[in-house]
Amino acid sequence: MLKSPLFWKMVTLPGCLCVLLIPLTLLSGLIGERANYRNDVTDTLRQSSAGSQKLIGPLIAIPVTETVVSLEKANDNEAPKEVRRKQSYLRFWLPESLMVNGKQQVETRKIGIYDGQIWHSDIEINAEFDPKRLDIKADENISLGEPFLVLALSDSRGIGQLRTTRLNGETISVEPGTGLASDLQGVHMPLSMANLQQSLKLSMAFSLSGTGDFSVVPLGRNSEMTLNGDWPHPGFMGDFLPEQRTVSASGFQAHWQSSWFANNLDSKMRAAGALSVSKSWELPAFSVNIATPADQYQLTDRAVKYAILLIVLTYLAFFVFESLTARQMHPMQYLLVGLSLVMFYLVLLALSEHTGFTIAWGVASMLGALLNGVYLQGVLKSWRAGLSFSLALLVLDAVMWSLLNSEDNALLLGTGVLFIALSAVMVLTRKIDWYALSGSAKKIPQPVSDEELRIWK
């Protein structure tokens, strides 16, 4: 068996595959490195403009100073004495209804050969406050301070022009900062005590910019948000999916709706420190993300995972060709063809950064087929054989392209390709005498007749 050419061929081919795993591993590392460079661009844009934005508000904050009376005694021998202590806190008055309308535009910024997205939104907010929902009033133990409206944001650098801010039809002043004893950013609007005795209707219009997510906390007893955008790849994340959404190549439109019955926000806002940075991220929200579709690095990385399948099918075609003809290929020639297939992915990665993945795939496929066609013509001494293998390689590249673009059916398509390949090998080699190919066929002795065994005749 050790002298069989077929045996050594079956040993050296897996050896070639193992050798090719080295450049494939290095290529995977290179893809990750280039993807990290792209992620650095996204971080740079976030640091230079504004990050993800979470809008909390509007709500009315009312400073409360409450006198708490308790009976205390210094020791067991003394009678309890009345002790008065004052404690200060903020009581939040949430809107009865909250309507948010936005129009979002996405701008692509390039840094070198990489790019990232910054979104700009025109936001309109309409909120109504019902004084019947305010469950705190001034008395001998409770004193109320001057209330103020709060609109909190994750990153105030994204606040652009404040166009209108009206309360019951009258323009009110807007001051920087939330006015809260927390690290949240935003704006606030001073009010008067008289505002607590009447229904309030607030309307605001302003521009807001950011990167990544845009989300709104549905503080109203009934909250709705409608957002229109020109980005064709929105990611609807967060705690509530939109009730209605339309996504097309020209953009998206989505509508959210929620209430206190679903989010229990009125109870959550009563907790101490509910409007701190750490707590605000825990609040449920309507959210949309300017998601980046599978880019060239993700697609190339997925393509490299199918590289072994491509190489195995190519080697299988060569092996069947050898078995059906008298031509033989040296293991070094197998290895060089395998390296050309690995080079296909490197060319794909390099071109995709400049031309996009689809064009890069087509160019890399043509270059790989041309290189292997010329090489195999010299090896096999036949233009017809070289052209046939080039066309077969293009077909394999087309199959790989289908696998990459059909995530839901990738397993089905891959299984079908392997089944067809195995069926073709079995059909083409069904009449081959493998013992003859291995050179180990033994001559079977012919049966001896009774006449030959006789001693005498």
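Each value in this text was obtained by applying a stated rule to the coordinates, not by laboratory testing. Just so it is clear, the structure is predicted and the values come from calculations on it, not from any experiment. Neighbour counts run over all protein chains shown; Cβ positions are idealised from the backbone, glycine included.
Assorted remarks:
- Estimated FRET transfer efficiency when R0 is 30 angstrom, pair K201-H233 (beta carbons, to 0.05): 0.25
- What separates the Cα centres of the range 248-262 and the range 40-86 is a distance of 33 Å.
- Taking Cβ atoms as reference points and 14 Å as the exclusive limit, the residues near R109 contribute a net charge of -1, counting Lys and Arg as +1 and Asp and Glu as -1.
- FRET efficiency for V395 and Q87, using Cβ-Cβ distance with R0 set to 56 Å, rounded to 0.05: 0.10
- Ranking P190, S207, V150 by Cα position along the charge dipole of the range 133-234, where only Lys, Arg, Asp and Glu carry charges on their C-beta atoms, puts S207 farthest toward the positive end.
- Lysine pair count for the range 39-149 with Cα-Cα distance under 28 Å and sequence separation of 8 or more or different chains is 7.
- Compared with the dominant Cα axis of the chain, that is its longest principal axis, helix 331-355 is turned about 30°.
- Peptides ranked, highest mean first, by Cβ atoms within 10 Å: ranges 253-266, 301-314: 301-314, 253-266
- Ordering of 224-234, 239-249 by packing is 224-234, 239-249, highest average first (other Cβ atoms within 10 Å, averaged per residue).
- For the range 340-393: rounded, prolate or oblate by the Cα gyration tensor [a/c cutoff 1.5]: prolate
- Of the GluC sites (Glu not before Pro) found in the range 56-102, the ones in coil according to DSSP and having at most 12 other Cβ atoms within 10 Å of their Cβ are E78.
- Full-extension gain in nm, D183 to T292, via 0.36 nm per residue minus C-alpha separation: 36.2 nm
- Derived scalar couplings ³J(HN,Hα) [the range 169-184; Karplus, 6.51 cos²θ - 1.76 cosθ + 1.60; whole Hz; x for Gly, Pro]: x, 10, 6, 10, 7, 10, 10, x, x, 7, x, 9, 7, 9, 8, 6
- Inter-probe distance in nm under a simple model that places probes 7 Å from Cα toward Cβ, at S70 and N36: 5.5
- Full extension of the chain between V174 and L370 gives 63.8 nm of extra length, using 0.36 nm per residue less the Cα-Cα distance.
- Three-way shape call for the range 68-151 based on the alpha-carbon gyration tensor, with the a/c threshold at 1.5: oblate
- Phi to ³J(HN,Hα) by Karplus 6.51 cos²θ - 1.76 cosθ + 1.60 over the range 197-207, Hz, x for Gly, Pro: 9, 9, 6, 10, 10, 10, 10, 9, 9, 7, 9
- Lys/Arg +1, Asp/Glu -1 at C-beta; the range 13-88 dipole; positive extreme among L20, N39, T67: N39
- Between S402 and S267, the contour length at 0.36 nm per residue exceeds the alpha carbon distance by 43.5 nm.
- With θ taken as phi - 60° and the Karplus curve 6.51 cos²θ - 1.76 cosθ + 1.60 applied, the whole-hertz 3J(HN,Hα) list for the range 43-55 is 5, 5, 5, 5, 6, 8, 10, 7, x, 4, 10, 10, 9 Hz, x standing for glycine and proline.
- From the coordinates of this entry, Rg and Dmax of the Cα atoms in Å is computed, and it appears in [x] 36.7, 143; [y] 20.9, 71; [z] 21.8, 67 under the label [x].
- Its residue count N sets the reference 2.2 N^0.38 Å, and the alpha-carbon radius of gyration of the range 12-76 equals 2.92 times that reference.
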